[in-house]
Amino acid sequence: HPDTYSDTTSPVSSQLILRLLLAIIAHRQYDTVQMDLTNAYLHAQIQYVVLIVIPEGFPGMGEIALLEKGLYGIKQGSRRFYDHTDTVFKTIGCIPCPNEPCLYRFVHPIGEAFIILYVDDALITGKEATVKTLQAKIKEHFKCKFNSPQDFLGLDINTSIPGKTTISMKSFSKKLLTTLAVKPWPYPIVTPGRTDIKIIKDVNLEPNEAYRSKVGSLNWLTMGLRYDLVYTTKELSRVLCAPTKEANTILQRALQYVEQTQDAELTFDRELM
């Protein structure tokens, strides 16, 4: 809506809605696929005139070109892609949720299906026949492919067992620990932070070039599943520009906590609902 979203912003589904949908998938034993668009942003036209200088190494180097399609990196890109996708979904019969702009309901005589959209990533779920019908309609407008849900927004989603949906961040956690070269500690850690240490800005400064990227990685974990890291990550984020000795100590503890809990998962089980 023009009063809610600016031209440079694309609405995205909330984690709450995503979790609710995953619970519904388990409860109703829905068939689920993940949609992968090819060159997603190139499907969308842009609204304003954008001129570019063709860079070195390309035909016509130095000439002025008129940009006609949305591209990754331009301010209009994600917004124009959302607008285009929203129009396509409505055209094929999808009804947007009035409270969640990235959730759509598709009604068909053989059943219903749902689409949850997060920029160019999407999950489609419903009765198998309805999902296949919806896939065919989407293929008329997009070049795309459909796979079993795997990595969605950093979440490992498993819907292979009817009536049971499992989400975790094992893959992302493993990559994080490998990239940051986190070595396991010999003793267990039950909390990511410490109540006896307080982070105070501009006190006991201890520069750490990797501090910002490490806290950013922890923050991504909290956006998906690891809400147990939210408070600690929030406190660490307060001193991103000037890390303190206490912050570095807690950061190392938080990373060790992730190492010891990297297999944590959440399961929606129809039999227990």
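The values are calculated or read from the model by the stated rules, or taken from the named source; none is laboratory data. No experiment lies behind these values; they were computed from the predicted model shown. Quick reminder, even Gly has a Cβ in these numbers, built from the backbone with ideal geometry, and neighbours come from all protein chains shown. For accessibility, only protein heavy atoms count, side chains too; no ligands or nucleic acids. Shrake-Rupley method; radii C 1.70, N 1.55, O 1.52, S 1.80 Å.
Using beta carbons and a limit of 8 Å, which pairs, at least six apart or on different chains, have the first residue in segment 241-260 and closer than 15 Å to Tyr231 by Cβ and touching a residue at least 40 places away in the same chain (Cβ under 8 Å) and the second one in a helix (DSSP H, G or I) and basic (Lys, Arg)?
Short answer, once both residue conditions are applied: Leu251/Lys214.
So, of the residues in segment 243-270 that are touching a strand residue (DSSP E or B) at 6+ places or on another chain (Cβ under 8 Å) and of a type in the set (Asp, Glu), which turns out to be nearest to Ser213 (Cα to Cα)?
Checking each candidate, the answer is Asp263.
Can you find, within segment 125-159, the residue that is most open to solvent (accessible area, probe 1.4 Å) among those that are at positive phi and in contact with a strand residue (DSSP E or B) (Cβ under 9 Å, 6 or more places away or on another chain)? If you could, list the steps in order and put the result at the bottom.
Our first condition is that a residue be at positive phi; within segment 125-159, this holds for 126, 153-154.
Right, trim to in contact with a strand residue (DSSP E or B) (Cβ under 9 Å, 6 or more places away or on another chain) and you get 126, 153.
Working: Gly126: 0, Leu153: 24 Å².
Applying the filter and picking the extreme gives Leu153.
Considering segment 164-181 alone, what residues qualify as being assigned to a loop (DSSP other than H, G, I, E, B), surrounded by fewer than 17 Cβ atoms within 10 Å (Cβ to Cβ) and in contact (Cβ under 8 Å) with a residue 12 or more places away in the chain?
The one that is assigned to a loop (DSSP other than H, G, I, E, B), surrounded by fewer than 17 Cβ atoms within 10 Å (Cβ to Cβ) and in contact (Cβ under 8 Å) with a residue 12 or more places away in the chain: Leu180.
Of all residues in segment 138-155, which are under 18 Å from the mean Cα position of the chain (by Cα) and of a type outside the set (D, E, K, R)?
Phe146, Asn147, Ser148, Pro149, Gln150, Phe152, Leu153, Gly154, Leu155
Test of understanding: among Glu271, Glu259, which residue is farther than 28 Å from Ala26 by Cβ and not hydroxyl-bearing (Ser, Thr, Tyr)?
Glu259
Does segment 130-151 include one or more residues that are among the aliphatic types (A, V, I, L, M) and farther than 26 Å from His84 by Cα?
No; the residues of segment 130-151 include none that is among the aliphatic types (A, V, I, L, M) and farther than 26 Å from His84 by Cα.
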